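See below for the structure under consideration.
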Amino acid sequence: MADCYFFAALPCEAKPLIKHFKLKKELSVTAFTIYRNANITLTVTGLGKSAMAAGVAYTLALFPALGLPVLLNIGIAGHCSHELGSIFAVEKITDQETGRKHYPQWVISPPCPTQSLITVAQAEPSYASDAMYEMEASAFYETATRFSSSELIHCIKVISDNKDSPSAQIKPAQVSQWLMNALPIIEKISQKLGELAGISPLSNIDSYAEIIAQWHFTNSEKIQLKSLLNKRAILINNKSLDLMEMPQTTAKEFLNSLRQELDEQAFGGF
């Protein structure tokens, strides 16, 4: 099983995870509150994008994974009409301040509905669009992609407020109960992603080096190549990449052939 890292902004979000996975506090760490067991690390980052980005980078630097880790942001979010306590996997992240958009890549079918999300600098009382609102996801995703493959990086949110029950009425004990109820889904997602990460090769260095020696790649294309090789290792772990079967072509055409191969895969579910 691959290493799994949970990131929650609030102690009340983290409490059910700590209890369920029997995590122990790292007493030697002072910059953030971190809990661990053999395979899981949970960091309580504090509210906001800056705190979340720092928490992700600090945790992965202090406790680096041996292979590709699973990185999950678990927490609460508001929505105009969704029922309190309902759980959603995030399909799109928009940063309200910067306008940047991210599309988490679900290579398995999550066992809950999906929903787009907007990361804001402060609580959103008007729920201006049919999206969830919260304060950390965009920073989590941007930072996490430096440490793992995008297919293993996801956000799972529980609805804590809506137009009938505004965010000012949120109580920590209720948040913990909602997250406790969501644990079966959180555990299924983390286990499935952990299995995918665990069966993928720890390194694509040999294939990568052989490919860039055969064709000329720009720096941007090299980054795309690494991402596609990571995705291929997760989705097509039972088929080695045989460059002898690849036609003598350009780097751009080679990348497109990898994308086509991946697009033809039937993604597995639960």
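Averaging the sequence gap over all C-alpha pairs within less than 8 Å and six or more residues apart, then dividing by the number of residues, gives the chain a relative contact order of 21 percent. Our coupling estimate for segment 4-19, obtained by passing each phi through the Karplus curve with A = 6.51, B = -1.76, C = 1.60 and θ = phi - 60°, is 10, 10, 9, 10, 10, 6, 10, x, 5, 6, 7, 3, x, 5, 4, 5 Hz, Gly and Pro reported as x. Dividing the helix sum by the residues of the chain, where each DSSP H run of 4 or more adds -39500 (n - 2.57), gives a mean residue ellipticity at 222 nm of -12000 deg cm²/dmol. If only the Cβ of Lys and Arg carry +1 and only the Cβ of Asp and Glu carry -1, the dipole of the chain around its Cα centre is close to 700 debye. The label point for T249 and the one for I223, both projected 7 Å from the Cα toward the Cβ, are 2.3 nm apart.
Restricting the trypsin sites (Lys or Arg not before Pro) of segment 99-186 to loop positions (DSSP other than H, G, I, E, B) with no more than 15 neighbouring Cβ atoms within 10 Å leaves R100, R146, K163.
Across segment 139-149, coupling constants 3J(HN,Hα) worked out from phi with the 6.51/-1.76/1.60 Karplus curve, θ = phi - 60°, read 5, 4, 5, 4, 6, 5, 5, 6, 10, 7, 7 Hz, and Gly and Pro carry x.
Using θ = phi - 60° in the Karplus curve 6.51 cos²θ - 1.76 cosθ + 1.60, the 3J(HN,Hα) couplings for segment 79-90 round to 8, 4, 9, 4, 5, 4, x, 6, 10, 9, 8, 7 Hz; x is entered for Gly and Pro. With the cut-off at 1.5 for a/c, could you classify segment 86-126 from its C-alpha gyration tensor as rounded, prolate or oblate? Oblate, since a/c reaches 1.5 and b/c is not below a/b.
Between K24 and K92, the C-beta separation translates, for a Förster distance of 45 Å, into a calculated FRET efficiency of about 0.80. In the chain, excluding the sites themselves, the longest stretch lacking any of the GluC sites (Glu not before Pro) that are in a DSSP loop with at most 13 other Cβ atoms within 10 Å is 98-263. Here's the list of lysines a cross-link from K157 could span, going by alpha-carbon distance under 20 Å and ignoring same-chain residues fewer than 8 apart: K15, K19, K49, K92, K101, K171, K188, K192. Near the amide H of I118, within less than 5 Å, lie the amide hydrogens of T94, M132, Y133, E134, all on another chain or at least 5 residues away, with H placed in the peptide plane. With respect to the chain, whose longest principal axis is taken over its alpha-carbon atoms, helix 172-199 is tilted by about 10°.
Looking at the chain as a GNM with Cα springs under 10 Å, which of A14, A131, A121 has the largest mean-square fluctuation? Maximum among the listed residues: A121. Taking square-rooted eigenvalues a ≥ b ≥ c of the alpha carbon gyration tensor, is segment 4-199 rounded, prolate or oblate, where a/c under 1.5 means rounded and, failing that, a/b exceeding b/c means prolate? Verdict is rounded for segment 4-199.
Read the figures in this text as sums done on the coordinates, not as results from a lab. Values in this document were obtained by computation on a predicted structure and should not be read as measured data. Methodologically, a virtual Cβ is constructed for each residue, glycine included, from the backbone with ideal geometry; neighbour enumeration extends over all protein chains shown.
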